[in-house]
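Colleague: My questions all concern the structure below.
Computed from the coordinates by the stated procedures, all read-outs in this text should not be read as laboratory data. Note that the structure is a prediction, hence the values are computed from the model and not measured. We place every Cβ from the backbone using ideal geometry, glycine too, and count neighbours over all the protein chains shown.
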Amino acid sequence: MFPKSLRPLLPYLKKYRRSYWWGGIFVLFMNAAWVLVPPIVGRAIDDMREAGISLHKIGIVALVLLLVSGTKAIFQFLIRWVVIGVSREIEFDLRNDLFRHLEGLSHSFYQRTRTGDIMAKATNDLNAVRMLLGPGFMYTANTVVFTAFALGFMLHISHRLTFYAFLPLPIVSIVIQYFGRRIHERFERIQAMFSEISARAQENFSGVRIIRAYAQEDAEIASFETANREYIARSLTLVRLMGMLWPTLETMLGLAIVLVLWLGGREVLLGRMTVGQFTAFNTFMVQLTWPIIALGWVINIFQRGTASLVRINQLMQEQPEIVDAPNVKAQAPEQQLTGDIEFRNLQFSYNGTPVLHDINLRVPAGSSLAIVGPTGSGKTTLVSLIPRIYDTEPGSVLIDGKPIREYPLAMLRRNIGFVPQETFLFGETIRENIAFGAPDATDHDVRWAAEAANIASEIEDFPEQYKTIVGERGITLSGGQKQRTAIARALIRNPRILVLDDALSSVDTQTEDKILNHLREVMQGRTTIFISHRVSTVRNADHIAVLHSGRIVEFGTHEDLISKNGYYSDLYNKQLLEEELAEVS
Ligand code: ADP
């Protein structure tokens, strides 16, 4: 009964059904008023033909028509107010629901989806759906109700003439089907291109520095123009189609009007119909022009809306891959972990490509582990498994002796301070960035975290200090400053486990040493895991693991590994040599 393509909207329509009912009632009233015009005019003509014209009669008819038009106008206003209003309400709900849904999706979704595509769906497609819910409903209801009412009156006047008037109707329904399908297809192609353009624009703005550095502005402008031209070309195919739809519909109507004039005139001549009835019938035909034009709109709005709904629904159908297992008991969110981490026979693959093999490793609570190894050996992947950015076999990552999947995700992540390799700052103040995960943090807490990350003095040298706006993605800060702000953001949450994924790569060795010394104090009794390339940084860790091609090939303290003459001791000797050379030069 309910169109399948609109099914995703059902909950929203249900929620606002009262408004739609009211809208429907107003549509009935408005058309009930409007449909009275032809009979009033018809009757007046017949009356005046029979009993003579008088100014008084004309005045009364004019007054009645005015009253009818006034009533129609009031209901027209009410319909717009209620129906367009409710479409905005649903748009509001849809946008919120979409955002909430997107916030819950896993890392992997964002890896395979372009931001511009999501943005296009959340704006442009949402707009098309709103049009469907507001004007789409309004025009459909008006067209259906008015045509039904008019049909009743017209049948009352003459069955035969009504039959002729509606003779082109089967052709109209074929036209609607033909155009509807094509509008849908073309609009899908238009929206896909709009997504492409949005994605391209978004990538250009984010990558503006690279584009400048490689002087690729002109090339980018040209390629954008090509995409833009394709978008317009696709849009024009729809314009042409719509350009054909209206004349086709109006031709059908014109055909009906000619039939009515010709055959109706004959009826009058034969005395089977009065002039008044004939006029009334023709007035109905004129009044039907608008519903027919609206029909064109309805087809357009409906097809666009459903095409966009499919696109939005694709996003809504995405399931977060990493969620709480059903049997995870809700635990108090503030519950603290001790911080004993264990990887047990861990294997991990990205879409079937194995990356980590047979990892067995234990990091006792309160200790520190450094991970070193060549690029691509799987270091980032390994630490990403701790806060469940990716999931692997159940039971292969344990914290405090329990598989991490048995902890509520929110609680697990609240206990882990994770600083990824690429820092991301929000375009807000430094204070807001540091206190991002700790909304209740006081100024004192923010300062403490900044000090622990060894960035406080630099922030305090800025004119606006902690209120300095860092620009989009923190563009106004240096790489090292961004990294330290990100560390402060992790520390302020007082995590039981701190994970630094090469998070100090942009600071010099001395600063790195300073920060790590400080961190040792701050993280006393807590677990720290950090990835680094610098032996000087790594050497003080309680344990060091060397990862190579996804396997742990060396494990122990600095001294243990030096004596092994393996990857680590090579790295150590190389860096020692580099330092000596640096001192000499
Ligand atoms: P490291 O941190 O040691 O440089 P990574 O853990 O980043 O290594 O990467 C290990 C391997 O996994 C690399 O071969 C890399 O290409 C691959 N890899 C990393 N991330 C992904 C991903 N999201 N999807 C598919 N492969 C990935």
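Colleague: Starting from the Kirkwood radius over alpha-carbon pairs of the stretch 1-89, derive D by Stokes-Einstein at 20 °C in a medium of 1.002 mPa s and give it in µm² s⁻¹.
Modeller: Details: Rh = 15.7 Å.
Rounded to a whole number, D works out at 137 µm²/s.
Colleague: Assign unit charges at the C-beta atoms only (+1 for Lys and Arg, -1 for Asp and Glu), then state the dipole size of the stretch 114-252 relative to its Cα centre in Debye, rounded to the nearest 20. Don't jump to the answer; show the numbers that get you there.
Modeller: Values: 14 positive and 12 negative charges, 74 e Å.
Value, rounded to 20: 360 debye.
Colleague: Of Leu491, Thr468, Val268, which is farthest towards the positive pole of the chain's charge dipole, taken about the Cα centre with +1 and -1 on the beta-carbons of Lys, Arg and Asp, Glu respectively?
Modeller: Highest projection toward the positive end goes to Val268.
Colleague: Beyond 20 Å, what share of the Cα-Cα pairs of the stretch 153-308 is found? Please give it as a whole percent. List each step's numbers first, then the result.
Modeller: Working: 7631 of 12090 pairs.
Counting every Cα pair in the stretch 153-308, those more than 20 Å apart make up 63 percent.
Colleague: Okay, next question. Could you work out how far the C-alpha centroid of the stretch 13-81 sits from that of the stretch 423-452, in angstrom?
Modeller: 64 Å
Colleague: Of all the C-alpha pairs in the stretch 139-206, what % are more than 21 Å from each other? Can you show the working numbers first?
Modeller: Working: 1240 of 2278 pairs.
Summing the P(r) tail past 21 Å for the stretch 139-206 gives 54 percent.
Colleague: Report, in debye and to the nearest 20, how large the dipole of the chain comes out about its Cα centre when Lys and Arg carry +1 and Asp and Glu carry -1 on their Cβ. Numbers along the way, then the final one.
Modeller: Numbers: 59 positive and 59 negative charges, 729 e Å.
Computed charge dipole of the chain: roughly 3500 debye.
Colleague: Another question, then. Distances over 16 Å make up what percent of all Cα-Cα pairs in the stretch 473-532? It would help to have the intermediate numbers written out before the result.
Modeller: Working: 742 of 1770 pairs.
Everything past 16 Å amounts to 42 percent.
Colleague: Looking at the chain only, what percent of DSSP beta bridges run antiparallel? Nearest 5 please. Walk me through the intermediate numbers first.
Modeller: Working: 18 of 35 bridges.
Of all bridge pairs located within the chain, approximately 50 percent are antiparallel.
Colleague: Name the residues of the stretch 58-93 whose amide N is less than 20 Å from a point 7 angstrom out from the Cα of Arg43 along the C-beta direction?
Modeller: The answer is 58-73.
Colleague: Let me spell out the model: positive unit charges on the Cβ of Lys and Arg, negative unit charges on the Cβ of Asp and Glu, origin at the Cα centre of the stretch 66-173. What dipole size does that give, in debye rounded to 20?
Modeller: 220 debye
Colleague: Between Ala410 and Val239, what FRET efficiency follows from the Cβ-Cβ distance if R0 is 41 Å, with the result rounded to 0.05? Please list the in-between numbers first.
Modeller: On the way: r = 50 Å, r/R0 = 1.21.
The formula returns an efficiency of 0.25 here.
Colleague: Continuing with this model, one more query. Straight-line reach from Lys379: which aspartates and glutamates fall under 13 Å, measuring Cα to Cα and dropping same-chain residues less than 8 apart?
Modeller: Asp501, Asp502
Colleague: Run a plain Debye calculation on the stretch 229-295 (Cα atoms as equal point scatterers, no solvent) and give log10 I(q)/I(0) at q = 0.14, 0.17, 0.27 Å⁻¹, rounded to two decimals, same order as the q list.
Modeller: Once normalised to I(0) and log-transformed, intensities are -0.55, -0.68, -1.07.
Colleague: For the pair Ile232/Phe163, report the inter-label distance in nm, with labels modelled 7 Å from Cα in the Cβ direction.
Modeller: 5.3 nm
Colleague: Okay, moving on. Which chymotrypsin sites (Phe, Trp or Tyr not before Pro) in the stretch 395-432 pass both tests, a DSSP loop state and at most 16 other beta-carbon atoms within 10 Å? Please list the in-between numbers first.
Modeller: Working: sites: Phe418, Phe424, Phe426; in loops: Phe424, Phe426.
When the chymotrypsin sites (Phe, Trp or Tyr not before Pro) of the stretch 395-432 are filtered for loop state and at most 16 Cβ neighbours within 10 Å, Phe424, Phe426 remain.
Colleague: Excluding same-chain residues fewer than 8 positions from Lys574, which lysines have a Cα within less than 17 Å of its Cα?
Modeller: Candidates past the 8-residue exclusion: Lys564.
Colleague: Hey, another quick one. Counting pairs of alpha carbon atoms under 8 Å apart in space and at least six apart in sequence, what relative contact order in percent does the stretch 444-572 give?
Modeller: Values: 135 pairs, mean separation 24.9, N = 129.
For the stretch 444-572, the relative contact order is 19 percent.
Colleague: Compute the normalised compactness of the stretch 367-470: alpha-carbon radius of gyration over 2.2 N^0.38 Å, N being the residue count.
Modeller: Values: Rg = 17.0 Å, N = 104, 2.2 N^0.38 = 12.8 Å.
It is 1.33.
Colleague: On a C-alpha basis, how far is the centre of the stretch 520-548 from the centre of the stretch 335-379 in Å? Whole number, if you could?
Modeller: Each part reduced to its Cα centre gives a spacing of 13 Å.
Colleague: Would you please put 20-30, 484-494 in order of how densely packed they are, using the mean number of other Cβ atoms within 10 angstrom per residue and starting with the highest? Intermediate values should be presented prior to the final figure.
Modeller: Numbers: 20-30: 18.5, 484-494: 24.2.
Final packing ranking: 484-494, 20-30.
Colleague: Something else about it: For the stretch 511-585, state the average projected area of the convex hull of the C-alpha atoms over all orientations, rounded to one decimal in nm². Don't skip to the end; give the middle numbers.
Modeller: Working: hull surface 23.5 nm².
Taking the Cα atoms of the stretch 511-585, their convex hull projects to 5.9 nm² on average.
Colleague: Now for a different question. Give me the Kirkwood hydrodynamic radius of the chain in Å, from all C-alpha pairs, to one decimal place? It would help to have the intermediate numbers written out before the result.
Modeller: On the way: mean 1/r = 0.0332 Å⁻¹.
That comes to 30.1 Å for the chain.
Colleague: Over the Cα atoms of the stretch 82-200, each weighted equally, I'd like the Debye log10 I(q)/I(0) at q = 0.14, 0.20, 0.23 Å⁻¹, rounded to two decimals.
Modeller: -0.81, -1.17, -1.28
Colleague: Could you tell me what fraction of 2.2 N^0.38 Å the Cα radius of gyration of the stretch 168-208 comes to, as a two-decimal ratio?
Modeller: 1.96
Colleague: Also, quick follow-up: From largest to smallest, what semi-axes in whole angstrom does the stretch 228-386 give when each is the square root of 5 times an eigenvalue of its alpha carbon gyration tensor? Let's see the in-between values first.
Modeller: Values: eigenvalues 1156, 89, 25 Å².
The equivalent ellipsoid of the stretch 228-386 has semi-axes of 76, 21, 11 Å.
Colleague: Relative contact order of the chain, please, whole-number percent, based on alpha carbon pairs below 8 angstrom and at least 6 residues apart.
Modeller: On the way: 805 pairs, mean separation 82.7, N = 585.
Relative contact order, the chain: 14 percent.
Colleague: Taking only DSSP H segments of four or more residues, each worth -39500 (n - 2.57), what value at 222 nm results for the chain once the sum is divided by all its residues, to the nearest 500 deg cm²/dmol?
Modeller: Details: 25 runs with 358 residues, N = 585.
About -20000 deg cm²/dmol.
Colleague: Any idea which of Trp22, Gly42, Thr113 is furthest toward the positive side of the dipole for the stretch 1-128, if Lys and Arg beta-carbons carry +1 and Asp and Glu beta-carbons -1?
Modeller: Farthest along the dipole direction, towards plus: Thr113.
Colleague: So if I average 1/r over every pair of distinct C-alpha atoms in the stretch 39-124 and take the inverse, what Kirkwood radius in Å does that give?
Modeller: Details: mean 1/r = 0.0550 Å⁻¹.
About 18.2 Å, per the Kirkwood formula over Cα pairs.
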